[in-house]
Amino acid sequence: MLTAYTCLTEFSVNTGEYKMKHIIKFIGVCCILFAVSSQAELEIYKDYDLGREVISMTTVRIDPNMGDIYLAGLKDSWVKAVQLQKKLGYIKDWKIYGSELPQSGEFNMVLMVVFESSADLEPNQEKYNTFMKDWGKDNQDNSRELTKTYPNVRTLTGEYRLREIMFK
């Protein structure tokens with residue numbers, strides 16, 4: 001029959017062997033982790049490149065049953081503005097994505113603008129003046145009125161600037 005006393009004496013007799021087994025196991029695990037982590041480190045331009053294009057992405061949470069109302073507002077404001085920017089050559093492209101599962105996750109719509117490079121994001125008074133002249137006062141006033149109602153139908157959940165990662 002094992003008692004607490006016999007367990008303690010057997011443990012104390014074998015303590016040196018017990019400690020050595022665990023030290024060897026620990027060193028083995030550390031070596032494996034070091035080998036795996038050193039293989040997992042990648043170096044930019046050697047193992048992968050970054051694309052020149054920059055994508056500005058806004059995530060939006062549209063309230064239930066408000067999708068069409070929000071889209072109608074976007075069509076008369078944001079869409080018109082990005083179409084003009086594309087026509088002027090200030091942006092490469094734009095897109096709107098809607099979730100097929102609108103009640104799942106933090107957002108259910110994504111607004112994207114694709115820029116040729118980060119240089120296109122720099123402030124430029126000449127581009128601004130040209131855009132505002134072509135945009136006109138009517139569009140400016142209309143956009144201000146429409147965007148006042150946006151907080152009633154949606155919440156912006158994130159703003160991201162993305163670049164493609166291309167593995168070699």
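Please treat every number below as a calculation from the coordinates, not as lab data. Every value quoted in this text rests on a predicted model; they were computed, and no experiment measured them. Glycine also receives a Cβ, built like all others from the backbone with ideal geometry; neighbour counts cover every protein chain displayed.
For segment 52-124, which GluC sites (Glu not before Pro) pass both filters: DSSP loop (anything but H, G, I, E, B) and at most 15 other C-beta atoms within 10 Å? Provide the component values of the computation, followed by the final result.
Numbers: sites: E53, E100, E106, E116; in loops: E53, E100, E106, E116.
Of the GluC sites (Glu not before Pro), the ones in loops of segment 52-124 whose Cβ has at most 15 other Cβ atoms within 10 Å are E100, E106, E116.
What does the charge dipole of segment 45-168 about its Cα centre add up to, to the nearest 20 debye, if the Cβ of each Lys and Arg holds +1 and the Cβ of each Asp and Glu holds -1?
Details: 18 positive and 19 negative charges, 31 e Å.
The dipole of segment 45-168 has a size of about 160 debye.
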So who's got an amide H within less than 5 Å of the one on I91, skipping anything under 5 residues away but keeping other chains? H placed 1.01 Å off N, in plane. K86
Virtual paramagnetic centre 7 Å along Cα→Cβ of D76, amide N under 16 Å, in segment 114-156: 137-153
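In segment 46-114, which trypsin sites (Lys or Arg not before Pro) are in a loop and have at most 11 other Cβ atoms within 10 Å, using DSSP for the loop call?
Those that pass, being in a loop and sparsely packed, are K46.
How far, in nm, would the chain grow between N139 and K92 when pulled straight, counting 0.36 nm per residue and subtracting the alpha carbon separation? Working shown, then result.
Values: separation 47, 0.36 × 47 = 16.92 nm, distance 2.19 nm.
Going from the current span to full extension adds 14.7 nm.
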A correct fewest-to-most ranking of M109, M132 by other Cβ atoms within 10 Å would be M132, M109
Residues E126, E164, sorted so that the one with the fewest Cβ neighbours within 10 Å comes first: E126, E164
